[in-house]
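The values are calculated or read from the model by the stated rules, or taken from the named source; none is laboratory data. Please read all numbers here as calculations on a predicted model, not as lab measurements. Positions of Cβ are generated from backbone atoms using ideal geometry, with glycine treated the same way; all protein chains shown enter the neighbour counts. These area figures cover heavy atoms from the full protein model, side chains too; ligands, DNA and RNA do not enter into them. Shrake-Rupley method; radii C 1.70, N 1.55, O 1.52, S 1.80 Å.
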Amino acid sequence: MNLPFALLDEPAVLADYQGWRRDEYEDLMGLQRGTLSEADFNAKYRSERAILSMDMTGFTMSAMHRGELESLLRILDAQKVGIPALVEAGAELVRCFADDIVAIFADPHAALDAAFEVHRRIRVFNDSPLASEHPTRFCAGLGFGRIFRIGPNLAQGDEMNRASKLGEDIARGNETLLTERAFAALCDRDDVHFEAEEHDDKLFPFYRATPR
């Protein structure tokens, strides 16, 4: 088929734009062309992981009303508090972009504990003289299940999408929201209270988790 424009189909060039790595582009193109089977792609990239997607409150409003530099300093403070807690909890990967932090864990229990600890630490920090006049809080979405370990976060697929939706769009400050799969993996914990949540834009079931 002749198109009136050129397609960028060179894996090495595509990888320069940091969507996926070169080998990941090669394998995805192999899927399109039928030279790589879905079974082989899944065997190479599928894995079970917990995804913790954390967002910070008030980024847009602070940039508009308190200045761009103030909003950046709020992000800096939140990262200084949050990243060590995630690393100490055993995160395999921690990646920051703007006011978002994504952390990947092998164990969903460790991911939930990390979310609670980040919330606790940011509350302590915000009550200290080090905090700005308008400190930020974290919103957290937690997913668990089979993902594709590709891309900058080494986590793409349905469960990553759901965790990101919860953490970035639905959760409020100091909240931790769980996907249905994460809840199923964690619901037997007697040190955590779980509550089914309702939302106007409820695309899928989710739960609110709070320490008892």
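Per-residue HN-Hα couplings for segment 169-186, Karplus 6.51 cos²θ - 1.76 cosθ + 1.60 at θ = phi - 60°, whole Hz, x for Gly and Pro?
10, 10, 5, 9, x, 6, 8, 10, 10, 10, 6, 4, 5, 5, 4, 4, 7, 10
Could you tell me which of rounded, prolate or oblate describes segment 1-120, using a ≥ b ≥ c as the square roots of the eigenvalues of the alpha-carbon gyration tensor, with rounded for a/c under 1.5 and, failing that, prolate when a/b is larger than b/c and oblate otherwise? If you can, show how the numbers build up before the last one.
On the way: a/c = 3.54, a/b = 1.53, b/c = 2.31.
Oblate is the answer for segment 1-120, as a/c is 1.5 or above yet b/c matches or exceeds a/b.
Below 8 Å, C-alpha to C-alpha, sequence gap of six or more: please give me the relative contact order for segment 63-196 in percent.
Working: 173 pairs, mean separation 27.4, N = 134.
That works out to 20 percent.
Can you return the lysines within cross-link range of K80? Criterion is Cα-Cα under 27 Å, with same-chain partners fewer than 8 residues away left out.
Of all the lysines, those that pass the test against K80 - Cα under 27 Å, at least 8 places apart if same chain - are K165.
Among A15, A171, S71, which residue has its Cα positioned farthest towards the positive end of the charge dipole of the chain, with +1 placed on the Cβ of Lys and Arg, -1 on the Cβ of Asp and Glu, and the dipole taken about the Cα centre?
S71
Given segment 117-212, what percent of its DSSP beta bridges are antiparallel, to the nearest 5? Please list the in-between numbers first.
Values: 9 of 12 bridges.
Counting DSSP beta bridges with both partners in segment 117-212, the antiparallel share is about 75 percent.
What does the highest-first list of 177-188, 121-132, 66-77 look like by mean Cβ count within 10 Å? All intermediate terms of the calculation are to be shown ahead of the outcome.
Details: 177-188: 20.2, 121-132: 13.8, 66-77: 15.3.
Highest to lowest by the protection proxy: 177-188, 66-77, 121-132.
If one computes the Cα centroid of segment 153-167 and of segment 91-126, what distance in Å separates the two points?
14
So what is the 222 nm mean residue ellipticity for the chain from helices alone, if each DSSP H run of at least 4 adds -39500 (n - 2.57) and you divide by all residues, rounding to the nearest 500 deg cm²/dmol?
Values: 8 runs with 87 residues, N = 212.
About -12500 deg cm²/dmol.
For a protection proxy built on the mean count of beta-carbon atoms within 10 angstrom, sort 88-95, 2-9, 13-20, 147-154 highest first, please. Show your work: numbers first, answer last.
Details: 88-95: 16.5, 2-9: 5.9, 13-20: 12.9, 147-154: 19.5.
Ranking, from highest mean packing down: 147-154, 88-95, 13-20, 2-9.
Based on the alpha-carbon gyration tensor of segment 2-60 and its eigenvalue square roots a ≥ b ≥ c, which shape applies: rounded if a/c is under 1.5, prolate if not and a/b is larger than b/c, or oblate? It would help to have the intermediate numbers written out before the result.
Numbers: a/c = 2.78, a/b = 1.33, b/c = 2.09.
Oblate, because a/c is 1.5 or more while a/b does not exceed b/c.
Compute the relative contact order of segment 1-151 as a whole-number percentage, counting only Cα pairs closer than 8 Å that sit 6 or more residues apart in sequence. Intermediate results must be reported in sequence, preceding the final value.
On the way: 193 pairs, mean separation 48.9, N = 151.
Once normalised by length, the contact order is 32 percent.
What base-10 log of the normalised intensity I(q)/I(0) is obtained for the chain from the Debye formula, alpha carbons as equal point scatterers, at q = 0.11, 0.13, 0.14, 0.17 Å⁻¹?
Each listed q maps to, in turn, -0.60, -0.79, -0.88, -1.14.
Which percentage, to the nearest 5, of the DSSP beta bridges contained in the chain is antiparallel?
Working: 31 of 34 bridges.
Roughly 90 percent of the beta bridges in the chain run antiparallel, per DSSP.
How many Å² of accessible area per residue for segment 1-102, probe 1.4 Å?
Values: 6460 Å² over 102 residues.
In whole numbers, segment 1-102 has 63 Å² accessible per residue.
May I ask for the percentage of alpha-carbon pairs in segment 97-187 that lie more than 23 Å from each other?
Working: 1010 of 4095 pairs.
Percent of Cα pairs beyond 23 Å in segment 97-187: 25.
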